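Input: a single structure, listed below in structure tokens.
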Amino acid sequence: MSGIPLLSGRDVERAVPPGRALDAVREAFVSFARGEWTMQPKLYVTNYPAGDFRAMPALGGGHALLKWVTSFPGNPARGLPTVSGLVVLSDAETGMPEAVLDAASVTALRTGAAAAVAAEALARPDADTFAVVGTGVNGEAAARMLAASGRTPLLWDLDEERARGVAERLGGRIGSREEALGADVVVTVTPGKSVLFGDGSLRDGQHVSLMGADGPGKAEVTVGELSRGRLFADDWEQASHGGELAAAVEAGTISRADVTMLGDVLAGTADGRRSGTEITLFDSTGLAIQDLAIALAAVERLDELDVPRFEP
Ligand SMILES: NC(=O)c1ccc[n+]([C@@H]2O[C@H](COP(=O)([O-])OP(=O)(O)OC[C@H]3O[C@@H](n4cnc5c(N)ncnc54)[C@H](O)[C@@H]3O)[C@@H](O)[C@H]2O)c1
């Protein structure tokens with residue numbers, strides 16, 4: 001069939017169920033760690049306080065990808081989505097465009113999957129309580145991935161209505177702030193404007209997937225509290241410049257040697273958790289190679305989708 005297929009958010013979600021997203025993202029981290037997949041650090045185009053645009057390119061598996069995606073937190077009040085944009089997938093040998101996909105659904109799937117993959121790799125094997133703090137677009141995706149892994153996530157959001165909506169859709173449970181932040185595994189997906197974990201608040205043995213502070217000036221944990229945990233990140237380049245760790249790197253309290261990449265743990269070349277009492281903290285900044293993994297998983301199922309095509 002000729003023309004470039006255009007995949008809506010619904011098409012992407014139909015093509016990539018949670019289990020497939022988890023496998024695809026796990027494998028992408030390993031390919032990235034081995035140097036088989038590559039990417040440039042994401043570029044922010046800011047228009048604060050309204051929001052920002054992010055340009056994210058990657059190369060791997062015979063394909064190239066560019067994601068152009070936004071975060072405009074005030075949009076829901078205008079009846080518009082917080083996250084929007086497009087992903088363009090191209091053939092890496094010819095440069096020809098192969099597909100265009102909705103960026104919000106790709107982002108939610110890969111973000112939720114990364115939170116769950118990190119938790120699976122780094123949490124205590126006997127972890128029993130799982131929580132998601134910040135249940136907006138990407139927090140809901142993380143809760144969906146935890147639910148798909150057989151966990152019943154405890155949900156907490158400043159906006160109780162949002163947490164309740166997610167609980168109804170996914171069968172999760174609403175908890176108090178204290179209960180959520182005290183869970184064995186916590187996934188934080190807030191805008192990172194106020195700190196969730198103040199000094200002395202992390203519990204021994206806890207794992208936290210820190211998803212919200214993915215850019216400059218954002219934090220969900222204090223710099224002091226970071227030093228209590230073993231630190232993991234998705235990519236040093238991005239994490240040291242604009243993630244949860246950036247302020248500590250700038251202050252000189254954390255350097256490259258203090259941070260293990262999640263891909264190295266998944267590839268078996270670095271240690272994950274070393275004891276039941278260790279606190280493990282995963283700083284996710286969001287990688288274009290994760291988007292590539294989801295885009296490829298979606299186009300794999302193209303034959304089963306009835307999508308419009310664009311003739312350039
Ligand atoms: N690491 C990644 O890969 C990645 C990917 C996508 C988005 N993000 C980041 O995640 C954050 C959330 O993105 P989103 O698209 O889900 O936004 P969103 O606006 O849909 O959701 C954010 C939610 O957090 C809640 N919230 C705000 N402050 C809170 C607080 N102090 N405690 C509890 N809940 C609070 C809001 O009520 C809202 O429901 C943003 O900072 C975004 O840039 C990271």
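Numerical summary
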item: Subset tally (residues that are in contact with a strand residue (DSSP E or B) (Cβ under 9 Å, 6 or more places away or on another chain) and outside any loop (DSSP other than H, G, I, E, B)) for segment 197-235; result: 12
item: Any hit, segment 251-259, residues being in a loop (DSSP other than H, G, I, E, B), among the β-branched types (Val, Ile, Thr), buried (at least 19 other Cβ atoms within 10 Å of the Cβ) and touching a residue at least 24 places away in the same chain (Cβ under 8 Å); result: yes
item: Flag if residue 189 is under 13 Å from residue 135 (Cα atoms), within 14 Å of the ligand (Cβ to nearest atom) and within 22 Å of the chain's Cα centre (by Cα); result: yes
item: Lone qualifier among 267, 219, 248 - being more than 14 Å from residue 123 (Cβ to Cβ) and within 14 Å of the ligand (Cβ to nearest atom); result: 219
item: Residue 98 surrounded by 17 or more Cβ atoms within 10 Å (Cβ to Cβ) and in contact with a Leu (Cβ under 6 Å, 6 or more places away or on another chain); result: yes
item: Of all residues in segment 122-150 being surrounded by fewer than 20 Cβ atoms within 10 Å (Cβ to Cβ) and under 24 Å from residue 202 (Cβ atoms), the one that is farthest from the ligand (Cβ to nearest atom); result: 126
item: Of all residues in segment 104-121 being more than 11 Å from the ligand (Cβ to nearest atom) and among the small types (Gly, Ala, Ser), the one that is surrounded by the most Cβ atoms within 10 Å (Cβ to Cβ); result: 116
item: In segment 263-281, the residues that are over 19 Å from residue 31 (Cα atoms) and in contact with a strand residue (DSSP E or B) (Cβ under 6 Å, 6 or more places away or on another chain); result: 273, 278, 280, 281
item: Candidate set from segment 151-166 (those that are surrounded by fewer than 21 Cβ atoms within 10 Å (Cβ to Cβ) and assigned to a helix (DSSP H, G or I)); member that is nearest to the ligand (Cβ to nearest atom); result: 162
item: Residue within segment 11-30 that is surrounded by fewer than 19 Cβ atoms within 10 Å (Cβ to Cβ), assigned to a strand (DSSP E or B) and modelled with pLDDT of 95 or more present; result: no
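The values are calculated or read from the model by the stated rules, or taken from the named source; none is laboratory data. Computed from a predicted structure; not experimentally measured. Note that we place each Cβ from the backbone using ideal geometry, even for glycine, and neighbour counts take in every protein chain shown.
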